């Protein structure tokens, strides 16, 4: 990976964390290290799960 590509990836990750989007790469690393017996969620499942945890479920999301 070039230095520019690495910098772009780091900027993207930082921006995601600033707006509350967790890192899928960090999740995968955690799963490999601490829960190797459990299959990890797909990236789409992970973001749906995190969105559900942050904004709530059937009763709508929280406001502000």
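Read-outs: derived from the displayed coordinates by stated rules, not from any lab. Source: prediction; values computed, not measured.
Every helix of 4 or more DSSP H residues in the chain counts as -39500 (n - 2.57), and over all residues that averages to -20000 deg cm²/dmol at 222 nm. The length gained on full extension between residue 52 and residue 37, counted as 0.36 nm times the residue separation minus their Cα-Cα distance, comes to 3.0 nm.
Equivalent ellipsoid of the chain: semi-axes from √(5λ) of the C-alpha gyration tensor, largest first, are 25, 20, 8 Å.
Axis of helix 3-18 versus longest Cα principal axis of the chain: the two differ by about 20°, to the nearest ten degrees.
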